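Note sheet for the following structure.
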Amino acid sequence: MAITLIDRWFVIALSICALLAVPILSILFSYSDVSLVLWAHLIDTNLGLYVANSLILAVGVGLGSALLGVSLAWCVTQYQFVGSRFFQWALLLPLAMPAYIMAYTYTGMFDGWGLFDSRTLFGAIVFMSLVLYPYVFMLAKTAFLEQQQQYKDVAASLGITQFAYFMRVALPIARPAVLTGVALAMMEALADYGTVAYFGISTFTTGIFRTWFGMGETQLASQLAGCLALFVLAVLLIEKHSRRNMRFYQSQPATADSSNHSSTLPLASRQHAIIFLYCSVVLFIAFVVPVTQLAIWASESFTAIAFNDYITLLLNSFGVALASSVLIVVVALLLSYTQRFARQPIVQYFTQFASLGYVIPGTVLAIGVMQPLGWLDATINNIWYGVFGEYLGLIFSGTFVALLFAYTVRFLSVALHNTQTGLERIKPNVDDAVLTLGRPRIALVRYIHLPLIKKSIFAAAILVFVDVLKELPATLILRPFNFNTLAVKAFEFASDERLIDAALPSITIVIIGIIPVILLTRAINK
């Protein structure tokens with residue numbers, strides 16, 4: 001029996017999700033051969049340190065991001081002060097600064113001034129909190145803006161102070177959004193490699209690198225990666241469990257022009273100065289200072305840098321980011337259209353599963369990609385040698401295939417969110433009207449859908465482009481020989497204590513990283 005069109009969409013979703021599941025299944029399969037001797041040695045030496053440091057880092061960054069994100073969101077949404085509208089978007093700018101670049105910059109500054117040693121676990125927590133608090137800030141800001149004015153009026157009539165209202169009413173209502181932002185910040189902290197490696201902090205990510213490249217134990221490294229993946233999954237489950245019984249509803253939607261919308265309050269001159277100073281100091285420390293310092297270093301080293309080498313780095317980074325963004329957006333569109341055209345409910349579970357790669361650290365994904373592709377290369381080479389008496393060499397592992405595959409698994413969720421949101425804004429009756437006129441689905445997609453969702457596609461491509469540009473651990477492990485990107489070169493320069501030389505590739509990444517922040521700000525404002 002011929003496969004119907006809907007069946008074809010179902011097969012597409014199943015095939016894509018099965019392919020994207022290979023890295024995770026590869027890591028799980030590594031537990032089929034556990035070396036008790038190696039694990040005993042690991043437990044006796046570094047495993048406890050990996051667990052303790054990773055846990056302290058994740059909890060510390062979660063608390064730091066929550067403190068900064070929630071307090072700043074409350075200030076800019078609840079009070080009228082000079083610059084409040086500016087800070088609503090400007091406080092998102094640190095999101096463009098990768099944590100490892102922040103760490104390099106401040107370490108170089110502190111070493112020059114002789115103030116204190118920032119290369120500690122506490123220093124890593126501070127720097128990561130400064131660049132990751134925008135996750136909490138943007139979600140908390142939206143949650144506070146959506147709360148209705150009548151809540152404040154009732155609280156005021158009962159004589160409840162502003163602080164008591166924040167703690168007993170506003171924060172509990174915004175808690176689901178806040179916890180989501182905190183979970184994102186904690187997962188990014190667990191996935192970080194550049195900062196902890198530069199500071200010499202033993203965490204799961206640095207332990208995976210040492211086990212693989214230092215000890216040569218790929219199987220044990222894969223099993224460590226599985227532990228880290230379970231660690232990240234535990235963070236997600238704890239976040240969901242913490243709000244399992246929480247239900248909050250608005251009696252009416254609070255919009256910007258609604259009388260029910262939460263209004264801002266004027267401040268006394270002293271309070272005005274304190275809040276303005278607080279927002280300014282955070283923005284200054286988290287963005288202005290490191291960007292200014294990077295610009296100074298870049299100007300000092302610009303004449304000494306080989307211009308051709310920099311152009312090569314730029315072209316390499318842009319090339320791999322562009323190819324990845326095109327591939328990932330195409331895959332996201334296929335899954336989004338599968339969910340729209342194939343009416344089977346199970347397709348939704350497939351697409352949700354396909355987007356799980358975003359919560360898995362790049363180090364884990366790199367190992368999950370290398371093992372099956374390495375096995376595939378070995379199998380093909382053995383067969384080819386048996387037939388022709390020669391080896392083909394690396395076909396998949398150690399080539400751009402591995403790199404693009406890892407990026408697709410890692411960042412598909414970013415593109416999928418945008419493409420699905422764009423398609424959901426098009427009512428299904430539009431599809432029915434076109435199909436009833438006898439037009440094929442390809443015409444519906446080409447002449448109706450794509451013009452309507454082109455902005456969503458562009459936003460998805462830009463966001464993926466910058467995420468790939470900033471990605472360090474997966475690129476460091478999977479890049480082909482003699483292939484460097486801006487992120488890898490900045491890390492190599494910083495590891496060699498050549499911080500001034502690392503400035504130009506670093507500030508290039510930051511400047512490009514501002515693009516998705518602007519897009520994100522525009523989307524939130526809309």
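Please go through the stretch 383-403 and pick out each residue that is assigned to a helix (DSSP H, G or I) and either surrounded by fewer than 19 Cβ atoms within 10 Å (Cβ to Cβ) or touching a strand residue (DSSP E or B) at 6+ places or on another chain (Cβ under 8 Å) (or both).
Once the filter is applied, which keeps residues that are assigned to a helix (DSSP H, G or I) and either surrounded by fewer than 19 Cβ atoms within 10 Å (Cβ to Cβ) or touching a strand residue (DSSP E or B) at 6+ places or on another chain (Cβ under 8 Å) (or both), the stretch 383-403 yields I383, W384, Y385, G386, V387, F388, F400, V401.
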Report task. Return the residue satisfying two criteria in turn: it lies in the stretch 455-492 and is basic (K, R) and not in a loop (DSSP other than H, G, I, E, B), and of such residues it is modelled with the highest pLDDT. Result -> K489
Query - Which numbered condition Q271 misses (of (1) modelled with pLDDT of 70 or more; (2) out of contact with any strand residue (DSSP E or B) (no Cβ under 9 Å at 6 or more places or on another chain); (3) not basic (K, R)) - result: (2)
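Any idea which of F110, F87 is touching a Cys at 6+ places or on another chain (Cβ under 6 Å) and either surrounded by fewer than 22 Cβ atoms within 10 Å (Cβ to Cβ) or in a helix (DSSP H, G or I) (or both)?
F87
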Query raised in the report: Could we say that S324 is modelled with pLDDT of 80 or more, more than 30 Å from L233 (Cβ to Cβ), in contact with a helix residue (DSSP H, G or I) (Cβ under 8 Å, 6 or more places away or on another chain) and crowded, with 22+ Cβ neighbours inside 10 Å here?
Result: no
Query raised in the report: If you scan the stretch 166-224, which residues turn out to be more than 18 Å from E471 (Cβ to Cβ) and of a type in the set (D, E, K, R)?
Result: R168, R175, R210, E217
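Residue by residue, here is whether (1) modelled with pLDDT under 80; (2) in contact with a helix residue (DSSP H, G or I) (Cβ under 6 Å, 6 or more places away or on another chain) holds:
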| site | (1), (2) |
| --- | --- |
| Q352 | yes, no |
| L356 | yes, no |
| V359 | yes, yes |
| L373 | no, yes |
| Y391 | no, yes |
| F396 | no, yes |
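How about the stretch 182-252: which helices (runs of 4 or more DSSP H) wholly inside it have at least 2 residues that are at pLDDT below 75?
Those helices (runs of 4 or more DSSP H) span 218-242.
Can we say S258 is over 22 Å from the mean Cα position of the chain (by Cα), at pLDDT below 75, surrounded by 17 or more Cβ atoms within 10 Å (Cβ to Cβ) and more than 24 Å from S35 (Cβ to Cβ)?
So S258 does not fit the description; no.
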Requested in this report: Exactly one condition in (1) crowded, with 20+ Cβ neighbours inside 10 Å; (2) out of contact with any Lys or Arg (no Cβ under 9 Å at 6 or more places or on another chain) is not met by I509; state its number.
Outcome: (2)
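Can you tell which of V70, V82, V59 is exposed (fewer than 13 other Cβ atoms within 10 Å of the Cβ), within 30 Å of V169 (Cβ to Cβ) and not aromatic (F, W, Y)?
Of the residues listed, the single one that is exposed (fewer than 13 other Cβ atoms within 10 Å of the Cβ), within 30 Å of V169 (Cβ to Cβ) and not aromatic (F, W, Y) is V82.
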Query raised in the report: Is it true that some residue in the stretch 35-48 is among the hydrophobic types (A, V, I, L, M, F, W, C) and within 30 Å of F163 (Cα to Cα)?
Result: no
Requested in this report: Specify which of the listed residues (S30, S15, S26) is free of Cβ contacts under 8 Å to residues at least 24 places away in the same chain and outside the structural domain of F276 (by TED's automatic domain parsing).
Outcome: S15
Report task. Scan (1) more than 30 Å from E146 (Cβ to Cβ); (2) in a helix (DSSP H, G or I); (3) among the charged types (D, E, K, R) for the single condition E497 breaks and write down its number. Result -> (2)
**Report entry** Filter pass, N429 being surrounded by fewer than 12 Cβ atoms within 10 Å (Cβ to Cβ), assigned to a helix (DSSP H, G or I) and either modelled with pLDDT of 75 or more or out of contact with any Ser or Thr (no Cβ under 6 Å at 6 or more places or on another chain) (or both)
**Finding:** yes
Query raised in the report: What tally of residues in the stretch 78-92 results from selecting those that are closer than 13 Å to I275 by Cα and of a type in the set (G, A, S)?
Result: 2
Query raised in the report: Out of curiosity, is R522 among the charged types (D, E, K, R), farther than 29 Å from F110 by Cα, part of a loop (DSSP other than H, G, I, E, B) and without any contact (Cβ under 8 Å) to a residue 60 or more places away in the chain?
Result: no
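The values are calculated or read from the model by the stated rules, or taken from the named source; none is laboratory data. Keep in mind the model is a prediction, meaning the values are calculated, not measured. Cβ sites come from the backbone with ideal geometry, for glycine too, and all protein chains shown count toward neighbours.
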